[in-house]
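Beneath this line is the structure, given in structure tokens, with notes to follow.
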Amino acid sequence: MTDAPKKLHIKTYGCQMNVYDSERMAEAMGAQGYQLTDDPAEADMVLLNTCHIREKAAEKVYSDLGRLRPFKEAKPDLKIGVAGCVAQAEGAEIMRRMPLVDLVVGSQNYHRLPEMVAATERGEKPVDTEFPTEDRFELLPERPASNRPTAFLTVQEGCDKFCAFCVVPYTRGAEISRPVARIMAEAEKLVAKGVKEITLLGQNVNGYHGEGQGGAWGLGRLVRELARIEGLERIRYTTSHPNDMADDLIEAHGAEAKLMPYLHLPVQSGSDRILKLMNRHHTAEDYLRLIERIRAARPDIMLSSDFIAGFPGESDADHQASLDLIRAVGYGAAFSFKYSPRPGTPAANREGVASEVADARLQELQALITAQQHAAQEAMVGREVGVLFEKPGRLPGQWVGKSDYLQAVHVSAPAENLQGTLRKVRITASAPNSLAGELL
Ligand code: SAH
Ligand code: SF4
Ligand code: F3S
């Protein structure tokens, strides 16, 4: 082959599962000779891996597609593909709205991407949004070595919970858990390539119930099995639903040192009335009691959550209940979102809260969460904590990593190569979004 390698530019929107999917797509295209580029101007193929969770996220894709038009005019051979949850939700409609799009691949069909790209080269415009029956991850090429010490590993996909606001059950389909043996094999290969931290992914990851020895295994058992892999130092998982926090998973937080003390456990609201309208199947009190049990197992665990402001029917008292719950828990971090009606979801047709009211509530949620986050950062000063170093920092001699609690930590160590090493660090200073420390 004398041809220059083709260049692929991928833009990823949305959640960590999309980050993982983008990596796997890059690998699948890499096996076809495509090299990644950060610059869409030099790309032969641009892929947008999209998110449908809120209207803003979905609409951003269309404005980004509009921005690609001059690139396509300058290079008519440029192929433009849309993947992910907008692709899954809107399918061929995307091409009707944006004729410059050459292919649409739903979130479950990335193993088919190379043949779809080949079809575009024959002038076809393939669309595939079928939910396949096979494990698409097994149909992708083996994961190549990377110099990063952390990796995502999708163990579960889809969601059967049908929260009244959420598109995920429609864009990712029914819950599927990958079998234990396949997850173990993928994890072992990652560790053999130098990965020290694996984050298990799923839209409802703690609902994991994959086939293992003797029947279906829960996430707690899977975590313990993964922890036996020598060289794997850290395990995390995200995102979880409160109703699926099984006893053995809570116990694992106390018993398994490799399971990191950080848990993202979205509650969405602190009002029982709203939780019911959201179809969450738990009360605020259930959640608080659950947090107590998790903290009993692992007292230093850092908690995080998601909140929605202005869900249809939310009164000021309901909003106050969310603030009360945040005060009662004390989060290390949390995210809050303004409610966005999503087509096809049960809440979409309900009468909404006035936009300015929702904005004001969002600001109040964010202010309280930010204050808690800052306090949690400050409380780290003087403490000794494990840090897995991921890359050089911006300053000379500086290294950046993540603490056990998932905080960014900077240290200065000009004489050492800390890349990929797990070290004990004493925290010396805190900023809102990062910590500084010194090696012990
Ligand atoms: N599976 C995860 C996360 C789903 S999406 C879970 O169950 O927690 C991430 C977050 O987006 C949700 O936790 C929710 O807070 C928010 N979200 C989902 N749909 C939304 C909508 N229609 N409007 C605003 N926020 C939404
Ligand atoms: Fe969406 Fe999470 Fe609810 Fe599933 S559990 S419907 S992914 S918010
Ligand atoms: Fe978005 Fe799909 Fe993830 S809708 S949040 S990319 S599962």
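The values are calculated or read from the model by the stated rules, or taken from the named source; none is laboratory data. In this text, all values refer to a predicted model and were calculated from it rather than measured experimentally. Note that each Cβ is placed from the backbone with ideal geometry, even for glycine, and that neighbours are counted across all protein chains shown.
Could you list, in sequence order, all residues of region 119-164 that are at positive phi and under 22 Å from the mean Cα position of the chain (by Cα)?
Gly158, Phe162
Out of (1) crowded, with 20+ Cβ neighbours inside 10 Å; (2) closer than 20 Å to Leu275 by Cα, the odd one out for Val223 is which?
Among (1) crowded, with 20+ Cβ neighbours inside 10 Å; (2) closer than 20 Å to Leu275 by Cα, Val223 violates only (2).
Would you pick out the residues in region 177-211 that are over 27 Å from Ala145 (Cα atoms) and part of a strand (DSSP E or B)?
Listed by number, the list holds a single entry, Glu211.
In the list Ile250, Ile235, Ile229, which residue meets the criterion of being farther than 20 Å from Cys159 by Cβ, within 20 Å of the chain's Cα centre (by Cα) and more than 16 Å from ligand 2 (Cβ to nearest atom)?
Unique residue meeting the criteria: Ile235.
Just to be sure before I move on: is His253 within 28 Å of Thr283 (Cα to Cα), more than 16 Å from ligand 3 (Cβ to nearest atom) and buried (at least 17 other Cβ atoms within 10 Å of the Cβ) in the structure I sent?
yes
Which of the residues belonging to region 159-191 are within 14 Å of ligand 2 (Cβ to nearest atom), buried (at least 22 other Cβ atoms within 10 Å of the Cβ) and either free of Cβ contacts under 8 Å to residues at least 12 places away in the same chain or of a type outside the set (A, V, I, L, M, F, W, C) (or both)?
Scanning region 159-191 gives Thr171, Arg172.
Kindly evaluate Phe152 against the criterion of being among the aromatic types (Phe, Trp, Tyr), within 27 Å of Val195 (Cβ to Cβ) and either more than 13 Å from ligand 1 (Cβ to nearest atom) or not assigned by TED's automatic domain parsing to the domain that holds Trp399 (or both).
It is true that Phe152 is among the aromatic types (Phe, Trp, Tyr), within 27 Å of Val195 (Cβ to Cβ) and either more than 13 Å from ligand 1 (Cβ to nearest atom) or not assigned by TED's automatic domain parsing to the domain that holds Trp399 (or both).
Table: residues versus (1) closer than 28 Å to Arg236 by Cβ; (2) part of a strand (DSSP E or B); (3) out of contact with any strand residue (DSSP E or B) (no Cβ under 7 Å at 6 or more places or on another chain); (4) away from ligand 2 (no atom under 16 Å from the Cβ).
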| position | (1), (2), (3), (4) |
| --- | --- |
| Ala317 | no, no, yes, yes |
| Ala334 | yes, yes, no, no |
| Phe337 | yes, yes, no, no |
| Ala347 | no, no, yes, no |
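If you scan region 1-35, which residues turn out to be outside any helix (DSSP H, G or I) and within 16 Å of ligand 1 (Cβ to nearest atom)?
Across region 1-35, the qualifying residues are Thr12, Tyr13, Gly14, Cys15.
Can you give me the number of residues within region 60-97 that are of a type in the set (A, V, I, L, M, F, W, C), more than 14 Å from Asp128 (Cβ to Cβ) and touching a strand residue (DSSP E or B) at 6+ places or on another chain (Cβ under 8 Å)?
8
Would you be able to say whether some residue in region 363-372 is within 16 Å of ligand 2 (Cβ to nearest atom), of a type outside the set (Val, Ile, Thr), surrounded by 21 or more Cβ atoms within 10 Å (Cβ to Cβ) and assigned to a helix (DSSP H, G or I)?
Scanning region 363-372, I find no residue that is within 16 Å of ligand 2 (Cβ to nearest atom), of a type outside the set (Val, Ile, Thr), surrounded by 21 or more Cβ atoms within 10 Å (Cβ to Cβ) and assigned to a helix (DSSP H, G or I), so the answer is no.
Looking at region 194-214 only, could you name the residues that are farther than 22 Å from Asp247 by Cβ and either small (Gly, Ala, Ser) or more than 16 Å from ligand 3 (Cβ to nearest atom) (or both)?
Gly194, Val195, Lys196, Glu197, Ile198
Look through region 36-63, keep the residues that are part of a loop (DSSP other than H, G, I, E, B) and more than 16 Å from ligand 2 (Cβ to nearest atom), and return whichever of them is surrounded by the most Cβ atoms within 10 Å (Cβ to Cβ).
The selected residue is Ala43.
Among the residues of region 86-129, which ones are free of Cβ contacts under 8 Å to residues at least 12 places away in the same chain and not in a helix (DSSP H, G or I)?
If the condition is that a residue be free of Cβ contacts under 8 Å to residues at least 12 places away in the same chain and not in a helix (DSSP H, G or I), then Pro99, Arg122, Gly123, Glu124 are the ones that fit.
Quick one: would you say Val127 is surrounded by 14 or more Cβ atoms within 10 Å (Cβ to Cβ), of a type in the set (Val, Ile, Thr) and in contact with a strand residue (DSSP E or B) (Cβ under 6 Å, 6 or more places away or on another chain)?
yes
Any residue in region 63-79 that is closer than 22 Å to Tyr170 by Cβ and in contact with a Phe, Trp or Tyr (Cβ under 8 Å, 6 or more places away or on another chain)?
Taking every residue of region 63-79 in turn, none turns out to be closer than 22 Å to Tyr170 by Cβ and in contact with a Phe, Trp or Tyr (Cβ under 8 Å, 6 or more places away or on another chain).
Which of the residues spanning region 375-422 are surrounded by fewer than 18 Cβ atoms within 10 Å (Cβ to Cβ), part of a strand (DSSP E or B) and of a type in the set (D, E, K, R)?
Correct list: Glu384, Lys391.
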